[in-house]
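The values are calculated or read from the model by the stated rules, or taken from the named source; none is laboratory data. Here the structure is a predicted model, which means the values were calculated and not measured. Cβ: placed from backbone, ideal geometry, glycine included. Neighbour counts: every protein chain shown.
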Amino acid sequence: METMITIDDAEVRFKGIVALNEALGPAGALRFLTLLHRDRTDYVEISRRLYEGQSIDDIFSRARKQWQE
């Protein structure tokens with residue numbers, strides 16, 4: 001049986017901000033975070049677009065790989 005490592009909410013926030021900074025730079029990351037709080041966000045539509053064309057098995061396989069790293 002595989003052991004999955006879970007991380008707490010603070011670590012998720014930290015890693016998310018690091019990823020945003022790497023992808024968008026500090027100003028872009030701050031702008032993105034500001035937009036999340038200002039605009040209503042349709043997370044269902046975002047998820048639909050994000051996972052479009054992918055099977056559940058593909059999504060879970062990728063997630064499992066991330067958990068193991």
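Structure above, values below:
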| quantity | calculated |
| --- | --- |
| Any hit, segment 26-37, residues being modelled with pLDDT under 90 and β-branched (V, I, T) | yes |
| Number of positions in segment 48-69 that are within 16 Å of the chain's Cα centre (by Cα) and under 22 Å from D8 (Cα atoms) | 10 |
| First in segment 19-39 and surrounded by fewer than 12 Cβ atoms within 10 Å (Cβ to Cβ), second anywhere and modelled with pLDDT of 85 or more, Cβ under 8 Å, 6 or more apart | A23/A29 |
